[in-house]
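First comes the structure, then the notes that go with it.
The values are calculated or read from the model by the stated rules, or taken from the named source; none is laboratory data. Quick caveat, the model's predicted, so the values are computed rather than measured. FYI the Cβ positions are ideal-geometry reconstructions off the backbone, even for glycines, and counts take in every protein chain you see.
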Amino acid sequence: MATAPTAGQQANLTKTIDATLIVLKAGGSNYKEDPSAPKAVQVGGDTWQQKAATMDLEKTPVKIYVLAVQRGKVVYLMDYIIGKATADKDTKQYVQPVLDSFKFLS
């Protein structure tokens, strides 16, 4: 999880997510955005924007998810990387319960 101040402005979450993907892309090969991933997901009752991509990290195929939401003057950014072969199953079984339990305290 990362945060960034917005100086009270509405942030462009797509650009924020894209910037994160550019950084992650530099660490691997065969990078491809995954247009089939939902553009928005529920995390702890809030709607977060999301993008996903696939790539190889040291010859291991992975799927990358980057999520962002703005609350007030702060953008919250989260990413996770899981094995590509079992990404859908693992997301449902392991990641989504964690995302569902996520709550902002204020």
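Just to verify a result, which residue in the stretch 36-50, among those that are without any contact (Cβ under 8 Å) to a residue 24 or more places away in the chain and under 17 Å from ILE82 (Cα atoms), is farthest from the chain's Cα centre (by Cα)?
Here the answer is SER36.
Does the stretch 1-46 hold any residues that are exposed (fewer than 12 other Cβ atoms within 10 Å of the Cβ) and polar (S, T, N, Q), and which are they?
THR3, GLN9, GLN10, SER29, ASN30, SER36
Kindly check whether there is at least one residue in the stretch 57-64 that is part of a loop (DSSP other than H, G, I, E, B), modelled with pLDDT under 95, surrounded by 12 or more Cβ atoms within 10 Å (Cβ to Cβ) and not small (Gly, Ala, Ser).
Scanning the stretch 57-64 turns up no residue that is part of a loop (DSSP other than H, G, I, E, B), modelled with pLDDT under 95, surrounded by 12 or more Cβ atoms within 10 Å (Cβ to Cβ) and not small (Gly, Ala, Ser).
Could you say whether any residue in the stretch 47-63 is under 20 Å from THR3 (Cβ atoms) and aliphatic (A, V, I, L, M)?
Within the stretch 47-63 (the criterion being under 20 Å from THR3 (Cβ atoms) and aliphatic (A, V, I, L, M)), the answer is no, since none of the residues qualifies.
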